[in-house]
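K.L.:
My questions all concern the structure below.
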Amino acid sequence: MLETVVFYALALLILGFGILVVTSRNTVHSVLFLVANFLCIAILYLSLGAEFLAVIQVLVYAGGIVVLYLFVVMLVSLRGLPDGPRNSRRRTRLGLAMAAAVLAEVSAIVVSASARPAGVPAPELAAPSLGNTEMVGWLLYTDYLVPFEVASMLLLVAMVGAIVLARKAE
């Protein structure tokens with residue numbers, strides 16, 4: 001009963017902080033709400049018995065990623081940037097083409113995942129003596145390799161975008 005109450009309380013806090021991140025007008029406040037959201041997610045991981053994921057959540061997201069966001073917010077002066085392009089439909093075709101490419105990639109991932117043979121043993125059966133950390137590594141590099149690589153590509157694109165924006169602000 002207590003676990004259920006804690007879970008729903010944390011879920012409500014995570015949802016509330018997520019809404020505050022999106023609706024906050026001050027970017028620094030938005031980043032602070034994001035930190036609170038990440039910390040609540042880490043507490044949720046602790047309540048589920050995934051201590052390794054909780055520590056990684058705090059170190060990587062609440063530490064590294066938020067510092068990166070703050071640097072981008074401080075380097076890019078949003079008030080100093082000129083208004084957007086006069087023609088708002090100038091890049092509509094490019095955006096639609098990129099959205100179609102992402103949709104095709106996600107569809108290919110879903111099709112390839114559903115085409116896996118039924119005789120493949122589950123990771124729990126293949127390696128029953130693995131601990132929490134070893135199981136995360138096992139799953140990341142077997143079942144979830146493609147989403148792991150996609151996430152790394154998205155982080156790379158975000159980093160290149162931050163560098164481009166910072167160089168334009170100079």
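Read-outs throughout are calculated quantities, based only on the coordinates presented, and are distinct from any laboratory measurement. Keep in mind that what you see is a predicted model, and the values were worked out from it rather than measured. FYI the Cβ positions are ideal-geometry reconstructions off the backbone, even for glycines, and counts take in every protein chain you see.
K.L.:
Taking θ = phi - 60°, what integer Hz values does the Karplus form 6.51 cos²θ - 1.76 cosθ + 1.60 yield along region 61-66, in sequence order, with x for Gly and Pro?
P.N.:
Once θ is set to phi - 60°, the couplings for region 61-66 become 7, 5, x, x, 5, 5 Hz.
K.L.:
Another question about this same structure. Please report 15, 53 as a ranked list, fewest other C-beta atoms within 10 angstrom at the top and most at the bottom. Don't jump to the answer; show the numbers that get you there.
P.N.:
On the way: 15 12, 53 18.
Lowest to highest Cβ neighbour count: 15, 53.
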